[in-house]
Amino acid sequence: MDDDVVAAARAGDESAFAALVERHRGELRVHCYRMLGSFDEAEDLVQETFLRAWKGLPDFAGRSSLRTWLYRIATNACLDALDGRARRVLPQDLAAPFDPNVGLPPRTDIAWLQPFPDQLWPEDEVVARETIELAFLAAIQHLPPRQRAVLILRDVLGWPARDTAALLEHSVASVNSALQRARATLKEQLPSRRLDWAPSAEPTAAERAVLRRYMAALEQADLTAVADLLAEDVRAAMPPWPMWYLGRDAVMATLTASWNPSRPDYVGRFRVLPTAANGRPALASYVRAPGDTAFRAFAIVVLRVADGRIAELTAFHDTSLFAAFDLPAALDR
């Protein structure tokens with residue numbers, strides 16, 4: 001760390017302070033996202049972290065690295081934010097799979113898990129991508145906040161028990177105990193066959209090929225092509241709708257009921273753009289309403305591909321997310 005820059009920041013030079021902390025923005029955003037399960041709140045908490053750091057900079061003695069100090073501030077800011085709040089969830093955390101003939105209205109009173117845009121993943125964040133996958137994020141939301149912090153610091157970021165204990169102002173013994181409890185809960189909450197995930201830096205060529213085929217099927221409203229791409233035991237959810245569906249037959253039944261490809265204006269009603277979220281292939285879908293000339297933002301759809309088929313499909317119907325993915329709110333064609 002440049003002592004002159006630190007001295008200038010302590011003296012009130014905001015540009016010097018920005019030079020110190022901005023290099024850590026990306027990884028702190030990911031850390032806050034893991035803690036909160038919300039991209040929007042993670043952005044806010046990074047700003048809160050920098051505000052607290054600015055106010056506390058005169059007391060920063062340099063006994064730890066600036067990065068460690070910022071993680072301490074960010075973790076405590078997240079713990080404060082989580083105090084008394086309900087955990088963020090996906091529909092499958094709330095109930096058993098739904099009958100495709102049963103529909104419910106959207107739920108805006110539920111804190112839904114949000115996706116994370118891959119383009120904002122820090123280049124120097126060398127962590128297996130499953131630690132930001134939706135299934136992992138949903139599972140760790142079951143942990144009490146301090147257990148969640150311990151698990152992320154120890155098992156995701158690889159911090160030693162002593163450093164984690166110092167950050168949280170706990171004993172090493174209590175941190176180790178919390179980690180064991182957190183691991184046991186995580187094992188219970190993760191989907192079956194998902195405890196040993198192979199790390200990967202980005203979606204593979206095979207996964208991107210499935211994404212392209214799925215995009216083409218959506219734009220053509222081709223139910224047969226969609227069905228061919230789904231795994232037999234596919235899981236599909238559409239927050240803020242609280243229903244979720246298990247199995248190809250259930251998913252296709254809901255699509256068949258909601259799509260009407262026989263209508264003259266239906267084929268070509270959708271437009272999609274490729275993107276990536278939570279280390280997985282994803283797409284942004286746009287829909288053109290009857291009489292409209294533009295395609296309007298509709299959903300961010302995150303896929304998990306296994307053995308050449310779509311094993312999980314989560315469609316986030318929250319158009320405010322499009323800006324975070326650097327996507328337009330509408331398409332002309």
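The values are calculated or read from the model by the stated rules, or taken from the named source; none is laboratory data. As the structure is a computational prediction, the values presented were derived from the model and not from experiment. Cβ placement follows ideal geometry from the backbone for every residue including glycine, while neighbour counts extend to all protein chains displayed.
A few comments on the model shown:
- Looking only at region 295-333, and only at residues there that are without any contact (Cβ under 8 Å) to a residue 40 or more places away in the chain and part of a helix (DSSP H, G or I), the one that is nearest to Leu113 (Cα to Cα): Phe322
- Single residue of Pro91, Pro58 found to be modelled with pLDDT of 95 or more and on the phi < 0 side of the Ramachandran plot: Pro91
- Within region 5-35, the set of residues being of a type in the set (Lys, Arg) and closer than 30 Å to Pro115 by Cβ comprises Arg23, Arg25, Arg29, Arg34.
- Of the residues making up region 131-158, those that are charged (D, E, K, R) and buried (at least 20 other Cβ atoms within 10 Å of the Cβ) are Glu133, Arg148, Arg154.
- Scanning region 244-259 for residues that are modelled with pLDDT of 95 or more and closer than 23 Å to Thr108 by Cβ gives Trp244, Tyr245.
- Check on Asp99, in a loop (DSSP other than H, G, I, E, B) and of a type in the set (D, E, K, R): yes
- When residues of region 102-113 are limited to those that are assigned to a loop (DSSP other than H, G, I, E, B) and among the hydrophobic types (A, V, I, L, M, F, W, C), the one surrounded by the fewest Cβ atoms within 10 Å (Cβ to Cβ): Val102
- Scanning region 40-98 for residues that are surrounded by fewer than 17 Cβ atoms within 10 Å (Cβ to Cβ) and among the aliphatic types (A, V, I, L, M) yields a total of 7.
- So Asp292, is it free of Cβ contacts under 8 Å to residues at least 24 places away in the same chain and surrounded by fewer than 22 Cβ atoms within 10 Å (Cβ to Cβ): yes
- Of the helices (runs of 4 or more DSSP H) that lie entirely inside region 1-53, those containing 3 or more residues that are closer than 23 Å to Trp159 by Cα and not small (Gly, Ala, Ser) span 25-36.
- Pick from region 175-203, criterion surrounded by fewer than 14 Cβ atoms within 10 Å (Cβ to Cβ) and polar (S, T, N, Q), ranking: modelled with the lowest pLDDT: Ser200
- Here is the figure for region 160-188: residues that are of a type in the set (Asp, Glu) and part of a helix (DSSP H, G or I) total 2.
- Enumeration of residues in region 1-36 that are of a type in the set (Asp, Glu) and either more than 17 Å from Gln47 (Cβ to Cβ) or surrounded by fewer than 17 Cβ atoms within 10 Å (Cβ to Cβ) (or both): Asp2, Asp3, Asp4, Asp13, Glu14, Glu22
- Only one of Arg208, Arg271 that is part of a strand (DSSP E or B), among the basic types (Lys, Arg) and either touching a strand residue (DSSP E or B) at 6+ places or on another chain (Cβ under 7 Å) or within 22 Å of Pro106 (Cα to Cα) (or both): Arg271
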